[in-house]
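Asker: Take this structure first; my questions come after.
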Amino acid sequence: MLRAGTGCFWGKRMSKAKMSGMMGKRKKREHCRMGAAVLTAVLGLGMSVPAAQALAAEVPDGGFFDDYVGEQQGNVTYLPEDYDMSYDGALDQHTGGGLENADTQGELPEGLESVIMITQDMGYDTSLQMYVNYVRGDVNKRYYSSLPRDVITNGNISFNMGTRSQYVLYRDGERVSDADVSNITQEGAYVLENFGQGSSDAERFEFTILQSTTNTMEQFRIPEGFSYSRVTVNGEEAAAPAGAVYQMPSDGVYGFQFRNEELGISYYTEINKDTVAPMLEFVGLVDGKAHGPVQMLPVGEEETVIRVSRDGTQINVPFDRVLDDYGSYVVTVSDLAGNSMEYRFVIQVYFTMTSMLVFLLLAMIAAGLFGYYRYVKSHLRIR
């Protein structure tokens with residue numbers, strides 16, 4: 001725990017110590033600089049880099065540490081004249097004031113006066129109309145987002161990371177190469193790991209973009225700091241939970257409206273849950289076998305995707321969905337939610353009208369050739 005009294009008192013004592021007549025003004029200034037350096041070494045272990053640099057700066061020529069408190073010298077700020085040198089409590093890492101002083105506790109740096117805090121690590125900037133996220137609660141390491149963390153949305157989300165942040169974006173567990181976080185629109189479960197300036201441990205911002213039907217969601221969760229204002233299931237009003245989680249045990253269309261009262265901001269997300277696999281009807285198929293063409297007919301009006309392979313090779317699905325070549329087939333039908341059904345069957349060798357006509361024609365040609373051969377052989381004379 002940082003203590004304000006130890007280093008500051010020592011520096012003050014150095015500036016006011018009785019010195020011998022042989023010690024000149026330059027000698028006094030060196031002692032004051034030594035006091036500031038020791039103070040920097042003590043406080044710099046727990047303070048931010050700018051604060052440590054400010055304390056480490058040299059005192060202007062011709063004065064002492066005590067003579068310049070409360071002044072702004074370039075990017076250096078000295079302690080105020082009314083600073084309590086006897087205070088022996090913890091320091092606020094952002095304001096430099098004592099945590100036991102209610103007037104200084106929780107003050108935000110200049111430029112963040114318009115921020116309304118929602119959680120310890122997130123606020124809302126009313127002037128920018130964006131959420132400000134603090135890396136591990138440090139207001140000096142922050143980035144902005146258009147939506148709150150842990151949100152599930154049907155739309156897009158954008159980030160302003162600043163120029164010195166280092167971040168990595170993952171989508172469905174896979175790292176996104178050359179990620180552009182200024183406007184993220186593609187569906188998926190995302191994790192944005194932000195390291196911030198001078199940070200080694202990543203801060204995680206999780207969110208989900210869901211624009212189509214899903215078959216995996218078991219519950220819906222709203223961001224911290226928000227509460228449910230309305231819930232509907234298949235268009236009918238449902239009881240909103242008091243907590244952040246709403247269970248989704250059955251299929252249906254769920255609508256969630258959630259709101260932050262202090263901000264006066266509401267969001268709406270719709271979830272279409274479907275866990276039933278689509279089905280196909282096969283015309284011409286009996287007990288997994290067919291002796292002629294097989295037609296595939298979707299059951300219901302649900303949008304589906306059909307994939308067909310014959311003898312282990314993927315083939316294009318005919319426009320009329322009729323399979324007429326013999327072989328072993330595997331047909332897979334899936335819907336937008338990811339549910340799928342697989343069918344296996346065999347089309348055996350069969351004769352069509354065309355093939356029968358061709359066969360008869362070839363048989364007639366063969367019979368004619370055979371008769372001609374017999375005729376020539378029986379009437380052939382050797383002279």
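Asker: Considering only region 209-221, I want to know if a residue exists there that is open to solvent by 10 Å² or more (accessible area, probe 1.4 Å), touching a Lys or Arg at 6+ places or on another chain (Cβ under 9 Å) and modelled with pLDDT of 95 or more.
Answerer: no
Asker: Something else about it: How many residues, within region 193-252, are of a type in the set (Phe, Trp, Tyr), assigned to a strand (DSSP E or B) and either closer than 26 Å to Val176 by Cα or without any contact (Cβ under 8 Å) to a residue 24 or more places away in the chain (or both)?
Answerer: Adding up the residues that qualify gives 3.
Asker: Mind telling me which of the residues Val283, Val308 ends up being open to solvent by less than 30 Å² (accessible area, probe 1.4 Å) and of a type in the set (Val, Ile, Thr)? Steps first, please.
Answerer: Numbers: Val283 fails: open to solvent by less than 30 Å² (accessible area, probe 1.4 Å).
From the options Val283, Val308, the qualifying one is Val308.
Asker: Here is a list of conditions, (1) in a loop (DSSP other than H, G, I, E, B); (2) open to solvent by 50 Å² or more (accessible area, probe 1.4 Å); (3) on the phi < 0 side of the Ramachandran plot, and Pro278 meets all of them except one; can you say which number that is?
Answerer: Result: Pro278 fails condition (2) only.
Asker: Considering each of Leu336, Leu362, Leu357 in turn, give the residue that is open to solvent by 100 Å² or more (accessible area, probe 1.4 Å), at pLDDT 75 or above and under 30 Å from Asp274 (Cα atoms). Give the derivation first.
Answerer: On the way: Leu362 fails: under 30 Å from Asp274 (Cα atoms); Leu357 fails: under 30 Å from Asp274 (Cα atoms).
Answer to the check: Leu336.
Asker: Return yes or no: is Gly264 closer than 30 Å to Tyr124 by Cα and out of contact with any strand residue (DSSP E or B) (no Cβ under 8 Å at 6 or more places or on another chain)?
Answerer: On the way: closer than 30 Å to Tyr124 by Cα: yes; out of contact with any strand residue (DSSP E or B) (no Cβ under 8 Å at 6 or more places or on another chain): yes.
Here the answer is yes, as Gly264 does meet what is asked.
Asker: I'd like to know if region 322-337 contains one or more residues that are in a loop (DSSP other than H, G, I, E, B), more than 17 Å from Gly292 (Cα to Cα) and under 53 Å from the mean Cα position of the chain (by Cα).
Answerer: Filtering region 322-337 down to residues in a loop (DSSP other than H, G, I, E, B) leaves 324-326, 336-337.
Filter once more, so that each one left must be more than 17 Å from Gly292 (Cα to Cα): 336-337.
Within this subset, residues satisfying the condition of being under 53 Å from the mean Cα position of the chain (by Cα) are 336-337.
The answer is yes, given that some residue of region 322-337 is in a loop (DSSP other than H, G, I, E, B), more than 17 Å from Gly292 (Cα to Cα) and under 53 Å from the mean Cα position of the chain (by Cα).
Asker: Arg383 passes all but one of (1) open to solvent by 100 Å² or more (accessible area, probe 1.4 Å); (2) at pLDDT below 90; (3) not in a loop (DSSP other than H, G, I, E, B); which number fails?
Answerer: Status for Arg383: all satisfied but (3).
Asker: Ok, one more. If I filter region 132-145 down to residues being open to solvent by 30 Å² or more (accessible area, probe 1.4 Å) and assigned to a strand (DSSP E or B), which single residue comes out as modelled with the highest pLDDT? It would help to see each step written out before you state the result.
Answerer: Within region 132-145, the subset open to solvent by 30 Å² or more (accessible area, probe 1.4 Å) is 136, 140-142, 144.
From the residues that got through so far, the ones that are assigned to a strand (DSSP E or B) too are 140-142, 144.
On the way: Asn140: 77, Lys141: 81, Arg142: 86, Tyr144: 94.
Checked region 132-145; the qualifying residue modelled with the highest pLDDT is Tyr144.
Asker: Please tell me if Ile265 is over 16 Å from Gln219 (Cα atoms), surrounded by 13 or more Cβ atoms within 10 Å (Cβ to Cβ) and modelled with pLDDT of 95 or more. Give the derivation first.
Answerer: Values: over 16 Å from Gln219 (Cα atoms): yes; surrounded by 13 or more Cβ atoms within 10 Å (Cβ to Cβ): yes; modelled with pLDDT of 95 or more: yes.
Yes: the conditions hold for Ile265.
Asker: I need the full set of residues from region 112-131 which are under 24 Å from Phe220 (Cα atoms) and open to solvent by less than 10 Å² (accessible area, probe 1.4 Å), in order please.
Answerer: Those that are under 24 Å from Phe220 (Cα atoms) and open to solvent by less than 10 Å² (accessible area, probe 1.4 Å): Met122, Gly123, Tyr131.
Asker: A follow-up question, please. Could you grab me the full set of residues in region 146-176 that are surrounded by 13 or more Cβ atoms within 10 Å (Cβ to Cβ), assigned to a strand (DSSP E or B) and not basic (Lys, Arg)?
Answerer: Ile152, Thr153, Ile157, Phe159, Asn160, Tyr167, Val168, Leu169, Tyr170
The values are calculated or read from the model by the stated rules, or taken from the named source; none is laboratory data. These numbers come from a predicted model, not from an experiment. Note: ideal-geometry Cβ built from the backbone for every residue, glycine included; neighbour counts use all protein chains shown. SASA here: full protein model, heavy atoms, side chains in, ligands and nucleic acids out. Shrake-Rupley method; radii C 1.70, N 1.55, O 1.52, S 1.80 Å.
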